[in-house]
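Here's the structure we're looking at; comments come further down.
The values are calculated or read from the model by the stated rules, or taken from the named source; none is laboratory data. Note that the structure is predicted; figures quoted are calculated from it, not measured. No Cβ is skipped: glycine too gets one built from the backbone with ideal geometry, and neighbour counts run over all protein chains shown.
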């Protein structure tokens, strides 16, 4: 009998066959997940190709916010926070956020990619939450309450990093699931209007 610690014994052992997953299976799972994460933000009735094109770019805005708020929190400075708040308000009021402009007007047209659709209600709600949070954090730092400002700034940074790392937007989820406000539009009705 061979010694169980010998390399010969270990390599001669029969292992179960490895289950293979084709790229098609993986892509379908990924696109289902990505579609869910994009639709919960209000971007409904989009093709798989369009979602694959613009979904990664939806992470740019929260990434810029997270980096800026983290730096402002570290420095205890209210000015960068006060500058981001109007941009969040513009993101809620305009068809797309100003940080999406590079993709919309430079990247997508040169690569023949689908543009980011107009901002849906859940994402507008997210921008409103962000604007209120940024103003509160800036006021805390500006009024000489650094502990409160630091807590608010760190919490904002953590919350903004979630969609950057996972694609999941908590504010949009709150809009869709907790408040139970409408997210989806009827794609058949939208297609009938376009024809």
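Taken together, the residues in segment 71-95 that are in a loop (DSSP other than H, G, I, E, B) and touching a helix residue (DSSP H, G or I) at 6+ places or on another chain (Cβ under 6 Å) amount to 2. Total residues in segment 115-124 satisfying the condition of being buried (at least 22 other Cβ atoms within 10 Å of the Cβ) and farther than 14 Å from residue 61 by Cα: the figure is 2. Of everything listed in (1) farther than 21 Å from residue 91 by Cα; (2) at pLDDT 90 or above, the single unmet condition for residue 61 is (1).
Can you find a residue in segment 98-111 that is assigned to a helix (DSSP H, G or I) and closer than 18 Å to residue 153 by Cβ? Checked segment 98-111: no residue is assigned to a helix (DSSP H, G or I) and closer than 18 Å to residue 153 by Cβ.
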